[in-house]
1. Being within 24 Å of MET187 (Cα to Cα), assigned to a helix (DSSP H, G or I) and in contact with a Leu (Cβ under 9 Å, 6 or more places away or on another chain): is that true of LEU135 here?
2. Which residue out of GLU148, GLU106, GLU123 is acidic (Asp, Glu), over 12 Å from the mean Cα position of the chain (by Cα) and under 22 Å from ASN69 (Cβ atoms)?
3. Scan the stretch 103-124 residue by residue and report those that are part of a loop (DSSP other than H, G, I, E, B) and over 13 Å from LYS178 (Cα atoms).
4. Looking at ASN126, is it modelled with pLDDT of 95 or more, surrounded by fewer than 18 Cβ atoms within 10 Å (Cβ to Cβ), closer than 23 Å to GLY13 by Cα and not hydroxyl-bearing (Ser, Thr, Tyr)?
5. Does SER71 satisfy the criteria of being within 10 Å of the chain's Cα centre (by Cα), assigned to a strand (DSSP E or B) and small (Gly, Ala, Ser)?
6. Taking interchain pairs and intrachain pairs at least six residues apart, which have beta carbon atoms under 6 angstrom, with the first residue in the stretch 101-121 and under 16 Å from SER10 (Cα atoms) and the second of a type outside the set (A, V, I, L, M) and assigned to a loop (DSSP other than H, G, I, E, B)?
7. Going by what's in this entry, would TYR26 be described as touching a residue at least 60 places away in the same chain (Cβ under 8 Å) and closer than 16 Å to HIS159 by Cβ?
8. Can you tell me which residues in the stretch 136-173 are loosely packed, with under 15 Cβ neighbours inside 10 Å and farther than 30 Å from ASN91 by Cβ?
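The values are calculated or read from the model by the stated rules, or taken from the named source; none is laboratory data. It should be emphasised that the depicted structure is a prediction, and the values quoted were computed from it without experimental measurement. In this analysis, Cβ positions are derived from the backbone assuming ideal geometry, glycine residues included, and neighbour counts consider all displayed protein chains.
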Amino acid sequence: MGETYRMSCSGFGGQGVMALGKLIVYAGMDEGKEVSWVPSYGPEMRGGTANCSVIVSDEPIASPIVSQNISVNVVMNLPSFHKFVPETAKNGIVFVNSSIISEKVEMPGVKAYYIPANDIANELGNPRMINIIMLGAILGVLPIVKAESIFASGGAFEHVFGVSKAKFIPGNKVAFEKGMECAKAQM
């Protein structure tokens, strides 16, 4: 019996939560895993709420929707924190963008990692990298997919953002590693 990760990635439109989910799914596909990605948008594009359900598994996926028993919960803003954290499974993990969420996860058996993604991105000089920082945090803690599958030539990064954006991989790797270091420091 293999491992199954039932993820929810949520935040404001424009924070890159959809791309975060897609990066994990494409990397999982490249690694031969069963995957699903289902987006959900609020009525507004930028600034509205956005979330996606992501499943990465070694087994066939029965239902692609993740609304309860979320094993890996990524919350990038306060409305997402209030809506999705209560749906975290017992023994689940929550990754909180602590740059803009000051509340703490207080659920027995649930581990939380507080990643100041906006602050790290601003230090790196690119506020658009918060999703890559959070991706590094997730993969620093959980072996959902390999980092190589994200950044390899022809890998998930190029698949999601296009080959013309491959020139941004070195900078994104730095952001990824910062997120990974931040999460590992909390283990």
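1. Numbers: within 24 Å of MET187 (Cα to Cα): yes; assigned to a helix (DSSP H, G or I): yes; in contact with a Leu (Cβ under 9 Å, 6 or more places away or on another chain): yes.
Taking the combined requirement at face value, the residue satisfies it.
2. Working: GLU148 fails: under 22 Å from ASN69 (Cβ atoms); GLU123 fails: under 22 Å from ASN69 (Cβ atoms).
On inspection, the qualifying residue turns out to be GLU106.
3. Taking the stretch 103-124 first, the residues part of a loop (DSSP other than H, G, I, E, B) are 103-110, 116, 124.
Correct list: GLU103, LYS104, VAL105, GLU106, MET107, PRO108, GLY109, VAL110.
4. Numbers: modelled with pLDDT of 95 or more: yes; surrounded by fewer than 18 Cβ atoms within 10 Å (Cβ to Cβ): yes; closer than 23 Å to GLY13 by Cα: yes; not hydroxyl-bearing (Ser, Thr, Tyr): yes.
Taking the combined requirement at face value, the residue satisfies it.
5. Values: within 10 Å of the chain's Cα centre (by Cα): no; assigned to a strand (DSSP E or B): yes; small (Gly, Ala, Ser): yes.
No; evaluated as a whole, the condition is false for this residue.
6. Here the result reads TYR113/GLN186; TYR114/SER98; PRO116/SER98; PRO116/SER99; ALA117/SER99; ASN118/SER99, each pair linking the stretch 101-121 to a residue that is of a type outside the set (A, V, I, L, M) and assigned to a loop (DSSP other than H, G, I, E, B).
7. On the way: touching a residue at least 60 places away in the same chain (Cβ under 8 Å): yes; closer than 16 Å to HIS159 by Cβ: yes.
Yes; evaluated as a whole, the condition is true for this residue.
8. Within the stretch 136-173, the first condition is being loosely packed, with under 15 Cβ neighbours inside 10 Å, and the residues that meet it are 143, 148, 153-154, 162-165, 167, 170-171.
Within the stretch 136-173, SER153, GLY154, GLY162, VAL163, SER164, LYS165, LYS167, PRO170, GLY171 qualify.
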